[in-house]
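Since every read-out is calculated from the coordinates, none of them should be taken as a lab result. Predicted, not measured: the structure shown is a model, and the values here were computed from it. Every residue, glycine as well, gets a Cβ built from its backbone with ideal geometry; the counts of neighbours run over all protein chains shown.
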């Protein structure tokens, strides 16, 4: 009897070791693949960036390349967070990718040198390849934004002055500092939370995903937690308490839109930092993530929900992606996934915001194959941490 038990235990150990080795090999292959997708020299895309593509929500969709810095910065950010959990060889690859990404950052910095960054390079038109939007930079261009800026400053070897200057700018343009938001539920309009955009004359704008990223930056950089930080946390907490990330994700987040992506953002914040106000809703988030996982059809939704569930402590094999090779992933419906969107009605007052947020002809979808692989890589690294 003892011999049989011993044999079973040995078999299980060997199986576990082989499984871990295969996962390590896949992580290594994915990192090399992501590195190969990074731009090596300036052309339409800039060196260090990751090619992004954009299409209009309405016909004709006019699929075009887009040289935004957004996906480059969030890819670097995801890799930065994986560094402590990679072996020496893979860590070197990831560090090289991050180093190359930084090369493109100065092109997107404020034209006066302030530590604020825009979605497109400062000297470039917005929405390259569009029929008319590219000529309307002064009308539709919102200037630098908090989302790109915090991601860049968290992945760049930024100076302390850049960090403190940005924090002051965030405070200066927060809701109620100079202007009052009109594109939010009435119950939230008197909360002095941070705004998505950094322009001094831009009307404040709220986005659930952007708020999560700003708070991540504040906590990551160990900055003083001031009134606007507390207000932003209060706003996120209220939206979670009311489950508005499930009931009205587009209204809450015109840029990230999907419930799965909003869950991913808030759970990433909770996983990195202990936030008692949000911990109260941990089981609620687990339940909602499981429901979304069962309901969704796109593999990318399943991947980020799987990652979120692992970060919330759920290790069930049922919630792990099935892919074992890159080719199978590339052929999956990940090609139809939209992580980030631009919806021109983000600043409209109620009820126009609810109406025009759904008008496809003023909605644009942004795709980045390298970032989708990075999200899968992140999931594999999270799985490996649990072994």
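Worth pointing out:
- Sequence of 260, 332, 230 once ranked by neighbouring C-beta atoms within 10 Å, starting from the fewest: 230, 332, 260
- Extension reserve of the residue 95-residue 328 stretch, reckoned as 0.36 nm per residue once the Cα distance is removed: 81.2 nm
- Per-residue ellipticity at 222 nm, computed for the chain from helices alone with -39500 (n - 2.57) per DSSP H run of at least four residues, works out to -16000 deg cm²/dmol.
- In this calculation the C-beta distance from residue 61 to residue 298 is compared with R0 = 22 Å, giving a FRET efficiency of 0.75.
- Computed over the chain: relative contact order in percent, which uses C-alpha pairs under 8 Å that are six or more apart: 19 percent
- Gyration tensor verdict on region 86-227 (Cα atoms; rounded if a/c is under 1.5, prolate if a/b is larger than b/c, oblate otherwise): oblate
- Shape of region 29-385, Cα gyration tensor, a/c cut at 1.5: rounded
- Modelled FRET efficiency - R0 30 Å, residue 37 with residue 87, Cβ distances, 0.05 increments: 0.90
- Principal-axis tilt of helix 160-172 within the chain, Cα atoms, nearest 10 degrees: 60 degrees
- Label-point gap, in nm, between residue 271 and residue 201 - each point 7 angstrom along Cα→Cβ: 4.2 nm
- Using the average count of surrounding beta-carbon atoms within 10 Å as a protection proxy, the listed peptides 68-74, 201-207, 375-381 rank, highest first, as 68-74, 375-381, 201-207.
- With Cα atoms, 0 to 90° folded angle of helix 70-82 axis to the chain main axis: 40 degrees
- Beta bridge orientation in the chain: antiparallel %, DSSP, nearest 5: 100 percent
- Cα centroid separation, region 196-216 to region 282-313: 25 Å.
- Helix 146-155 axis versus longest C-alpha principal axis of the chain: approximately 50°, rounded to the nearest ten.
- Taking each residue as 0.36 nm, the span from residue 360 to residue 317 lengthens on full extension beyond its C-alpha to C-alpha distance by 11.7 nm.
- Amide N of region 60-80 lying under 20 Å from the label point, which is placed 7 angstrom from the Cα of residue 44 along Cα→Cβ: 60-73
- Remark: the residue 241-residue 185 segment gains 18.7 nm on full extension, using 0.36 nm per residue and subtracting the alpha carbon distance.
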